[in-house]
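One structure is given here, and the rest of the page talks about it.
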Amino acid sequence: MDMSIDLSAEKSAEPMYEQIAAQIAAQIRSQALAPGMKLPPERLLAERCGVSRTTAINAYRRLEELGLVRTRVGSGTYVAEGGAEAAAQPMPWHQLLVPAWQSPVAGIIRDLVAMGDSAGISMATGMPDPRLYPWGAFQELLAQGGLAMADLGHIATEGYGPLREALAARHAAAGVPAGPENVAVVAGAQQGLYLLAKVLLNPGDYVVVETPTYMGALQIFQAAGARLLTLPAPGPLQLDLLEDYLVRYRPKLMYVLPTYQNPSGRVIPQGERQALLALAARHRLAVIEDDPYGDLYYDREPPPPLKALDQHGGVIYMRTFSKTVFPGLRAGWLVAPEAVIQRVAMEKQYVDLHSNNLAQWLLYKFVVSGGLDGHLAAVRREYRLRRDAMGQALRRFAGGRLSYAVPGGGFYFWCRLTGPVTTRSLLPEAGRQGVSFVPGDAFYPGAEGEREFRLCFATNDATEIPEGIKRLARAITLAEKAAGEHAKRAGAASLPPII
Ligand SMILES: Cc1ncc(COP(=O)(O)O)c(C=O)c1O
């Protein structure tokens, strides 16, 4: 049995060492070269193939990487025992993938997803109720037709022109001056944030975020290598602290949710909005205003967005249809100066060329037919009932053990446990009782929020919510009892010295 190598065939683009290795590998796999057989020394292989010694060495190295040959120092190169089987081993992808930035909250999200339906009544994910999706209206729009086949081909990266125009007109009518050139449609606000981080941030840049804040934003900024400066979200805006950051760290960007903040539900009052913008303008601080919930108000309309007050063109306004229509559309949009829109579009082109046309066409029709406004009025009525149902149930079943403020809009109650239990220890007990929530630490970049948690009132209706809160209250009682017993046991044990 001998090794045969033929390099005379048609020219291959593969490097020579790869071609030699591939031919030897094929003979090992077909068992033409038997396990344990000694292969020609590198010098001989080089001569036979008419290549340099380095090429021959590289060919054997490649075979070694594939597990097909073994080199014994001072003795030579041999076909590996089980080499043929080694070649059939699955691809070692973990060796090829570059290390991922691992979010500290990824575990929480995994736990919540694992809980899934087993949680029974989920108050964790911030999703609208699928029973309220305007699917009937979308079916009618499809039945009416009018979609040009050309609109199903590739379109501009910035989005479907008529939708951009309709959104710009809507904003202009509401006091946010914008033309279509100021609008870019993105595959959800999450993509918008990712693209903005990509075009604005270098590793090491400082970004001001509120705490608590939307965990998806924290993940994006941290993955971009940004350093986070935190500003407490509930309560009045701490502009003196912000100014201190501006002077000492010169942050490039502030990410803020002025209206029905996720998770705290806080609304920044008009006067503070103006003061914030004045400070930002003075220090050339770019502001990303994320506003998924502004249309979801239940008592009175919120103050105008920062973007409506923006005199220096420093605000990038981000909206989404995920909370008002449905998240599977993957449709959000940015309103920003044209220079930002152009740069974001360039970056978006690398990712997906443009967002989904069919979703954009349907949304365009939904907006201009008045369907969106009708739908918003209906969901506001429904979510108001749910907000009230959750407020009443919290008072009735968990009063005294939780502190919270009733939100004027959005999707969430932000609660703080007044007793000794942490929300991480409460979560498994809640799972056993058939209810779920998001623990507070998910909304902080550091180790905070251990007694806080977020409840979403949008997903369940007003008849289901009281049962969810009853189960939560039972879970708190049981977790408190367990914490009390644990403290007693710990108290009885002697404390070893710390050395
Ligand atoms: C504050 C905030 N920003 C952005 C998003 C992401 O929205 P989208 O589904 O449009 O990507 C969410 C969704 O939970 C959110 O709450």
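Given the options L257, L279, L296, name the one that is farther than 28 Å from R416 by Cβ and not hydroxyl-bearing (S, T, Y). Write out each step before concluding.
Numbers: L257 fails: farther than 28 Å from R416 by Cβ; L296 fails: farther than 28 Å from R416 by Cβ.
That would be L279, the only listed residue that is farther than 28 Å from R416 by Cβ and not hydroxyl-bearing (S, T, Y).
Of the residues that make up segment 317-325, is at least one among the basic types (K, R) and within 16 Å of the ligand (Cβ to nearest atom)?
Just the residues of segment 317-325 that are among the basic types (K, R), to begin with: 319, 323.
Narrowing further to those that are within 16 Å of the ligand (Cβ to nearest atom): 319, 323.
Yes.
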Query raised in the report: What are the residues in segment 158-186 that are out of contact with any helix residue (DSSP H, G or I) (no Cβ under 6 Å at 6 or more places or on another chain) and surrounded by fewer than 21 Cβ atoms within 10 Å (Cβ to Cβ), if any?
Result: G161, A169, R170, A172, A173, A174, P177
Report task. Would you please name the residue that is nearest to A482 (Cα to Cα), looking only at residues in segment 409-429 that are away from the ligand (no atom under 16 Å from the Cβ) and modelled with pLDDT of 95 or more? Result -> L417
Report summary line: The residue that is farthest from A398 (Cα to Cα), considering only those in segment 447-465 that are of a type outside the set (S, T, N, Q), touching a residue at least 60 places away in the same chain (Cβ under 8 Å) and assigned to a loop (DSSP other than H, G, I, E, B), is E448
Query raised in the report: What single numbered condition from (1) within 18 Å of L7 (Cα to Cα); (2) at pLDDT 90 or above fails to hold for A26?
Result: (2)
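Consider V340 carefully, then state whether it is surrounded by fewer than 23 Cβ atoms within 10 Å (Cβ to Cβ) and of a type in the set (A, V, I, L, M).
On the way: surrounded by fewer than 23 Cβ atoms within 10 Å (Cβ to Cβ): yes; of a type in the set (A, V, I, L, M): yes.
Spelling it out, V340 is indeed surrounded by fewer than 23 Cβ atoms within 10 Å (Cβ to Cβ) and of a type in the set (A, V, I, L, M).
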Requested in this report: Identify the residue in segment 385-413 that is part of a helix (DSSP H, G or I) and touching a strand residue (DSSP E or B) at 6+ places or on another chain (Cβ under 9 Å) and, among all such residues, is nearest to Y160 (Cα to Cα).
Outcome: R387
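Mind checking which helices (runs of 4 or more DSSP H) fall wholly inside segment 124-226 and carry at least 2 residues that are modelled with pLDDT of 95 or more, within 16 Å of the ligand (Cβ to nearest atom) and under 30 Å from R454 (Cα atoms)?
Numbers: elements: 135-144, 161-173, 189-200, 215-223.
Where helices (runs of 4 or more DSSP H) fall fully within segment 124-226 and carry at least 2 residues being modelled with pLDDT of 95 or more, within 16 Å of the ligand (Cβ to nearest atom) and under 30 Å from R454 (Cα atoms), they are 189-200, 215-223.
Pick from L394, L334, L376: which is in contact with a Gly (Cβ under 8 Å, 6 or more places away or on another chain), under 20 Å from Q261 (Cβ atoms) and either touching a residue at least 24 places away in the same chain (Cβ under 8 Å) or more than 13 Å from the ligand (Cβ to nearest atom) (or both)?
Numbers: L394 fails: in contact with a Gly (Cβ under 8 Å, 6 or more places away or on another chain); L376 fails: in contact with a Gly (Cβ under 8 Å, 6 or more places away or on another chain).
Only one candidate passes the filter, namely L334.
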**Report entry** Long-range neighbours under 8 Å by Cβ, at least six apart or interchain, first residue free of Cβ contacts under 8 Å to residues at least 40 places away in the same chain within segment 299-315, second of a type outside the set (A, V, I, L, M)
**Finding:** L309/R273; L309/Q274; G313/P337; G314/R284; V315/E289; V315/K307
Requested in this report: Determine the pairs where a residue that is assigned by TED's automatic domain parsing to the domain that holds Y160, located within segment 185-204, has a partner that is among the basic types (K, R) and more than 16 Å from the ligand (Cβ to nearest atom) with Cβ atoms under 8 Å apart, the partner being 6 or more residues away or on another chain.
Outcome: V185/R164; V199/R343; L200/K252; L201/K252; G204/R227
Report summary line: Expected output for segment 214-231 (first residue touching a residue at least 60 places away in the same chain (Cβ under 8 Å), partner within 16 Å of the ligand (Cβ to nearest atom) and hydroxyl-bearing (S, T, Y), Cβ below 6 Å, 6+ apart or cross-chain) is A217/Y255; Q219/S103; T230/T211
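Rundown of residues vs (1) in a helix (DSSP H, G or I); (2) in contact (Cβ under 8 Å) with a residue 40 or more places away in the chain; (3) farther than 17 Å from A80 by Cβ, yes/no style:
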site	(1), (2), (3)
D2	no, no, yes
Y17	yes, yes, yes
I24	yes, yes, no
Q27	yes, no, no
A34	no, yes, no
R43	yes, no, yes
E47	yes, no, yes
N58	yes, yes, yes
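The values are calculated or read from the model by the stated rules, or taken from the named source; none is laboratory data. Keep in mind the model is a prediction, meaning the values are calculated, not measured. Backbone-built Cβ (ideal geometry, glycine too); neighbour counts: all protein chains shown.
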